[in-house]
1. Could you compute the net charge surrounding residue 126? Neighbours are other residues with a C-beta less than 14 Å from the C-beta of residue 126; K and R count +1, D and E count -1.
2. Probe of 1.4 angstrom, ligands and nucleic acids ignored: what's the accessible area per residue over region 55-140, in square angstrom?
3. Can you give the local net charge around residue 80? Use residues other than it whose beta-carbon is closer than 12 angstrom to its beta-carbon, Lys and Arg +1, Asp and Glu -1.
4. Once you sort the root eigenvalues of the Cα gyration tensor of the chain as a ≥ b ≥ c, which label holds: rounded (a/c under 1.5), prolate (a/b larger than b/c) or oblate (the other case)?
5. Kindly sort 46, 184, 29 by accessible area of their heavy atoms, largest first, with the probe set to 1.4 Å.
6. If you roll a 1.4 angstrom probe over the protein chains with everything in place, what fraction of the accessible area of the chain belongs to carbon and sulfur, to the nearest %?
7. Treating only the Cβ atoms of Lys and Arg (+1) and Asp and Glu (-1) as charged, compute the dipole magnitude of the chain about its Cα centre; round to the nearest 20 debye.
8. Hey, could you pull the Cα Rg and Dmax for region 146-226, both in Å?
Amino acid sequence: MFEQQPEDLRKKVKQLATEFTQNADPSGWFEVLYADAGKDAKQVPWARLAPHHAVQEWLEKHNPSGNGKSALAIGCGLGDDAEALSRQGFQVTAFDISSSAIAWCKQRFPNSSVNYQVADLFHLDPAWNHAFDLVVEVRNIQALPLKVRSQVLRAIAPLVAPEGTLLIITRIRDTETEPDGPPWALSDGELAQLQQLGLTEIERNIFFEGENDEVKHAQITYRAPR
């Protein structure tokens, strides 16, 4: 997890996020981080080179059939979650704002059926609205500052197809007070915006990343109306 990364890497992430946010480009620092990593996953603090365990557990528990269905991996990073969705039978689109990350995905999975694309969460293709039966968001919202949080949630909610599912993996906090970051854990008040946007929360599981971890994480499932 982030707190267990080397101090210099954590400082670099915080410095990049702060600088780009101050320059009104809150997501631009991801490309710098991936490019600077030089294909060394240890230089990307959230890279596990495996699906996030909460995504894998959700897939194993619910065992969704992806046959004839579409899935979207938001901010796909190095592609492991997208590949897990593909193995489940979904026709997967995965995007990241970082062109270096997408090139890395294609290098790691040269024979993948996943449609990897460079895209900006703040300027998505309108054709993606209501287009995906399953949308998976893993730790992207928490990496963006609170001042753009409502904008991010408004971008994500419309992606889910009628009666489709949104799965979010994120840190959560118990108060509405702005936390130190990045990452900036989500509050219940912020998450409630998804329900205001028409989604219904149907499941929430709280977990911790390690024995000494005091940070709460959540695996939250939403359902879109017909």
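1. Summing Lys/Arg as +1 and Asp/Glu as -1 gives -1.
2. Normalised by residue count, the accessible surface of region 55-140 is 45 Å².
3. Values: positive: 48, 87, 108; negative: 81, 83.
Taking every other residue near residue 80 into account, the sum is +1.
4. Rounded, because the longest to shortest axis ratio a/c is under 1.5.
5. Greatest to least solvent exposure: 46, 184, 29.
6. Working: 4870 of 10790 Å².
Carbon and sulfur: 45 percent of the exposed surface of the chain.
7. Approximately 480 debye in magnitude.
8. Answer for region 146-226, Rg first and Dmax second: 13.2, 42 Å.
The values are calculated or read from the model by the stated rules, or taken from the named source; none is laboratory data. Treat the numbers as computed from the prediction; the structure is a model and nothing was measured. A quick note on method: Cβ atoms are made from the backbone with ideal geometry, for glycine too, and the neighbour counts reach across all protein chains shown. For accessibility, only protein heavy atoms count, side chains too; no ligands or nucleic acids. Shrake-Rupley method; radii C 1.70, N 1.55, O 1.52, S 1.80 Å.
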